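Asker: Next up is a structure, given as structure tokens.
The values are calculated or read from the model by the stated rules, or taken from the named source; none is laboratory data. Remember, it's a predicted structure, so these values are computed and weren't measured experimentally. Quick reminder, even Gly has a Cβ in these numbers, built from the backbone with ideal geometry, and neighbours come from all protein chains shown. Keep in mind that these areas ignore ligands, DNA and RNA; they rest on the heavy atoms of the full protein, side chains included. Shrake-Rupley method; radii C 1.70, N 1.55, O 1.52, S 1.80 Å.
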Amino acid sequence: MRLQVRARRPLCVLTIAGSDSGGGAGIQADSRAIRALGVFPLTAITAVTAQSTRGVRAWCAVEPRLIAAQIEAVLEDMPVGAVKTGLLPGAAVRAVVRALGETAVPLVVDPVAGSTSGTEFLDAAGRRLMRRELFPRAALVTPNWPELAVFVGGKVEDEEEAEKAARMLAEEAGCAVLVKGGHGSGARCVDLLVRPGKAVLRFEGARLRTPNTHGTGCTLASAIAAGLARGWSLPRAVETARDLVAGGLKDGRGLRWGAGAGPAFPG
């Protein structure tokens, strides 16, 4: 799916995330998803990773002052309609909060604590800082079950526990929480949108079997940010982003990118 926007003034989404040398996740996946919805991607790189379909081999955080400078440079000059954050090393969280300042556009936070292959990017202090300072600024936070469990300090092993933990986080931070159900079991994958003071919304679809799942979270959060930049309601942005991810997973099922997990949305 690709939506075009024709207007005199371009519409942009700023993604603040890490660079993936394998191109499956991070800034690279974000940019593909944002462009697929007819919006122009702006970037602030927070870390450089050496990775492929096999996993992360090495990584290095970008200096917080340089992260902030990237954010400030584009916010001061370009028409940013939404902001999305991904991989934020602990030391970068406060720099990002300060650089965003009083920016009023919607913020989507994908709370990347570590890679699927086991590399930890965000330590306990960084997680506390993110929960205290970044989540309350967000329009939406998009954890999967393990990430949600880490941030609430409990366990999330089924849909009921996911909804309860998301409700706790949403009420505390005053933001919406989209709990991704990819770590669940069964033939159906269910994402839960929990908003303070509102009934939960369930988004359900067939669970797709494919080796190419790298970057699903990045793609989803970035596509939601692009939808919000276009002025869509949060439920519409979530539904469209889910369709985009599902289409990418279906289209890429027969592709072999390497020995491990290939990109979920090659574009």
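Asker: Is there a residue being crowded, with 20+ Cβ neighbours inside 10 Å and either closer than 16 Å to L193 by Cβ or touching a residue at least 60 places away in the same chain (Cβ under 8 Å) (or both) anywhere in the stretch 254-262?
Answerer: There is at least one residue in the stretch 254-262 that is crowded, with 20+ Cβ neighbours inside 10 Å and either closer than 16 Å to L193 by Cβ or touching a residue at least 60 places away in the same chain (Cβ under 8 Å) (or both).
Asker: Which strands (runs of 3 or more DSSP E) does the stretch 1-90 wholly contain that include 3 or more residues that are surrounded by 21 or more Cβ atoms within 10 Å (Cβ to Cβ)?
Answerer: Passing ranges, in order: 12-20, 40-52, 80-85.
Asker: For residues that are open to solvent by 20 Å² or more (accessible area, probe 1.4 Å), without any contact (Cβ under 8 Å) to a residue 60 or more places away in the chain, within 20 Å of V83 (Cβ to Cβ) and of a type outside the set (K, R), tally how many sit in the stretch 135-165.
Answerer: Total meeting the criteria: 2.
Asker: Quick one: how many residues across the stretch 175-211 are in a strand (DSSP E or B) and open to solvent by 80 Å² or more (accessible area, probe 1.4 Å)?
Answerer: 3
Asker: Among the residues of the stretch 249-263, is any more than 22 Å from E157 (Cα to Cα), at pLDDT 95 or above and aliphatic (A, V, I, L, M)?
Answerer: no
Asker: Can you tell me which of A69, A61, A95, A47 is of a type in the set (A, V, I, L, M, F, W, C) and within 20 Å of S222 (Cβ to Cβ)?
Answerer: A47
Asker: Take the stretch 101-134 and flag every residue that is part of a loop (DSSP other than H, G, I, E, B) and buried (at least 19 other Cβ atoms within 10 Å of the Cβ).
Answerer: Hits for the stretch 101-134 are P106, D110, P111, V112, A113, S115, F121, L122.
Asker: When T240 is evaluated against the numbered criteria (1) surrounded by 21 or more Cβ atoms within 10 Å (Cβ to Cβ); (2) part of a helix (DSSP H, G or I); (3) in contact (Cβ under 8 Å) with a residue 60 or more places away in the chain, which criterion, by number, is the only one it fails?
Answerer: The single condition T240 does not satisfy is (1).
Asker: In addition: What tally of residues in the stretch 42-76 results from selecting those that are more than 15 Å from L14 (Cβ to Cβ) and acidic (D, E)?
Answerer: Qualifying residue count for the region: 1.
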